[in-house]
1. Based on what the data block shows, is Ala115 closer than 21 Å to Tyr30 by Cα, out of contact with any Asp or Glu (no Cβ under 8 Å at 6 or more places or on another chain) and at pLDDT 95 or above?
2. If Leu15 passes every condition in (1) within 20 Å of Gly82 (Cα to Cα); (2) among the aliphatic types (A, V, I, L, M); (3) exposed (fewer than 10 other Cβ atoms within 10 Å of the Cβ) but one, which one does it miss?
3. Being more than 18 Å from Gly127 (Cα to Cα) and surrounded by fewer than 19 Cβ atoms within 10 Å (Cβ to Cβ) is the requirement here; does Thr66 meet it?
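The values are calculated or read from the model by the stated rules, or taken from the named source; none is laboratory data. Just so it is clear, the model here is predicted, and its values are computed rather than measured. Positions of Cβ are generated from backbone atoms using ideal geometry, with glycine treated the same way; all protein chains shown enter the neighbour counts.
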Amino acid sequence: MADPASVPRPRRDVLTAVATGGALGSLARYGLSVALPHSRGQFAVSTFATNVSGCLLIGVLMALLTAARNPHRLLRPFLGVGILGGYTTFSTYATDTLDLVTAGRPFTGLAYAFATVAAALVAVYAGHEITRAVTK
């Protein structure tokens, strides 16, 4: 077992950056869910849009941070883990998928499950590559 004194302790500034960003990202996600509501058993457009747009922005952020000479050390915790981590919601995606299946729409649920993952992966890649091409 590791010596408690040798275990790195989280820095308060990093925790504050993540918490503040997470609160802002969660508020943005909530706003989108209010703007694009859905009933149980319907395709969750707001969750889909949130996750895909969040993944696109994660790709953009990673391209910008890796290209930056000396990015501020709190940018990734604030923007990536905080804002985009609070904004994206793969737990709601899982719940929405289950709701579709249990509401008697198993094919829509499976399509939603696969489409979300596929679109999210494409969005991360596209965001990263487009940003790299534009910032060269």
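1. No, not satisfied.
2. Every condition holds for Leu15 apart from (3).
3. Details: more than 18 Å from Gly127 (Cα to Cα): no; surrounded by fewer than 19 Cβ atoms within 10 Å (Cβ to Cβ): yes.
Considered against the rule, which asks whether it is more than 18 Å from Gly127 (Cα to Cα) and surrounded by fewer than 19 Cβ atoms within 10 Å (Cβ to Cβ), Thr66 comes out as no.
Results for (1) closer than 30 Å to Thr16 by Cα; (2) surrounded by fewer than 19 Cβ atoms within 10 Å (Cβ to Cβ); (3) touching a residue at least 60 places away in the same chain (Cβ under 8 Å); (4) not β-branched (Val, Ile, Thr), shown as yes or no for each residue.
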{"position": "Val52", "(1), (2), (3), (4)": "yes, no, yes, no"}
{"position": "Arg73", "(1), (2), (3), (4)": "yes, yes, no, yes"}
{"position": "Ala120", "(1), (2), (3), (4)": "yes, no, yes, yes"}
{"position": "Ala123", "(1), (2), (3), (4)": "yes, no, yes, yes"}
